[in-house]
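Some notes on the structure that comes next.
Bear in mind that the values in this text are calculations on the coordinates, not laboratory data. Values in this document were obtained by computation on a predicted structure and should not be read as measured data. For neighbour counting, all protein chains shown are included, and Cβ atoms are generated from backbone atoms with ideal geometry for every residue, glycine included.
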Amino acid sequence: MGTFASGAAPEPGDHVIPHASIVLPCFNEEDHVLLEIERICGAMHQSGISHELLAIDDRYVLQVLRMVMHFDPLNVLMPPALFLFALGFGKGIYDIVVHPLQFANDTILIFVTGMILASMALLADLTVRSRADP
């Protein structure tokens, strides 16, 4: 809902370009949404800044992600795992060239995170395949 800087509501024909856009994720938050909307709108009205408030129920995105993970977890988890693995490997080579025989802690963390994520992808794929077999 947009308001003018004075806090007055716009007339039906007026178009207000908000100075602030507020996104309120509200998945599984039915009990708290109205209270949060009132609190945010009250604070914005007091500030005098024109605004819009978008309450987003992101259930659909989560359902799609769950379905993809249920049927094909490798396509979800393996690309970020390979990216982290390659990034850690590349940064490890850079560390060896710049600081002979020394790795930075973040290099090891990136590399290991990629390996763990890849392992989780393989384990999830194995789980999905074992469910599919009668």
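How big is Rg to Rh over region 69-132, alpha-carbon atoms, Rh as the Kirkwood inverse-mean-distance radius? Display every interim value, and only then the final one.
Values: Rg = 14.7 Å, Rh = 12.6 Å.
Computed over Cα atoms, the ratio is 1.17.
What ranking of THR107, THR127, THR113 emerges when the number of other C-beta atoms within 10 Å of each C-beta is taken as an exposure proxy, fewest first?
Numbers: THR107 20, THR127 12, THR113 16.
The fewest-first ordering by Cβ neighbours comes to THR127, THR113, THR107.
Show me 70-77, 94-101, 32-39 ranked by packing, highest mean number of other Cβ atoms within 10 Å first. Walk me through the intermediate numbers first.
Details: 70-77: 14.8, 94-101: 10.2, 32-39: 12.4.
Going by the mean number of other Cβ atoms within 10 Å, highest first, we get 70-77, 32-39, 94-101.
Between LEU24 and HIS70, how high is the FRET efficiency from 1/(1 + (r/R0)^6) when r is the Cβ-Cβ distance and R₀ = 30 Å? Nearest 0.05. Intermediate values should be presented prior to the final figure.
Numbers: r = 29 Å, r/R0 = 0.96.
It comes to 0.55.
Within region 99-134, list the residues whose amide N lies under 20 Å from a label point set 7 Å along Cα→Cβ of ILE93.
Zone members listed by number: 99-115.
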